[in-house]
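A quick write-up on the structure given underneath.
The values are calculated or read from the model by the stated rules, or taken from the named source; none is laboratory data. Quick caveat: nothing in here was measured; it's all calculated off a predicted structure. Cβ sites come from the backbone with ideal geometry, for glycine too, and all protein chains shown count toward neighbours. Quick note on the areas: whole protein, heavy atoms, side chains included, nothing else; ligands and nucleic acids left out. Shrake-Rupley method; radii C 1.70, N 1.55, O 1.52, S 1.80 Å.
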Amino acid sequence: MSRSVELIVEGYVRLNDRDALEDILAHRQDLLRQLVTVTGVDPKQTIAQVSEEITIIETGLASLVPE
């Protein structure tokens with residue numbers, strides 16, 4: 001999944017679409033908050049993946065031209 005996120009982020013960076021990147025970031029951060037509270041299963045692998053995706057999105061945001 002992270003490669004997919006990388007490609008999506010690259011596309012939004014090329015379009016300089018800060019709003020879309022911020023929306024994706026907010027969604028992933030919300031997902032991470034929910035995963036931390038999961039009981040009955042071990043979400044460690046999913047948490048690691050979502051954390052990696054957040055890093056990719058933040059890197060993309062940081063590379064955008066300032067408004």
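Things worth noting here:
- Mean Cα-pair separation over length for the chain, i.e. relative contact order, pairs under 8 Å, 6 or more apart, %: 51
- Taking 0.36 nm per residue of separation and subtracting the Cα-Cα distance, full extension of the segment from E6 to K44 would add 11.6 nm.
- Along the stretch 24-34 the Karplus relation, 6.51 cos²θ - 1.76 cosθ + 1.60 evaluated at θ = phi - 60°, assigns HN-Hα couplings of 4, 4, 4, 4, 5, 5, 5, 4, 4, 4, 5 Hz to successive residues, with x for each Gly and Pro.
- Solvent exposure of E58, expressed as accessible area, is near 90 Å², computed with a probe of 1.4 Å over the protein chains only.
- Percent accessible area from carbon and sulfur atoms, the chain, protein chains only, probe 1.4 Å: 54
- Signed unit charges on C-beta, dipole axis of the chain, positive-most listed residue L31, S63, P43: P43
- Correct choice for Cα Rg over 2.2 N^0.38 Å that was computed from the model, options [x] 0.95; [y] 1.19; [z] 1.93: [y]
- Probe 1.4 Å, accessible area per residue of the chain, Å²: 69
- Note on D30 and S63: their simple-model spin labels are 2.6 nm apart, each label 7 Å out from Cα toward Cβ.
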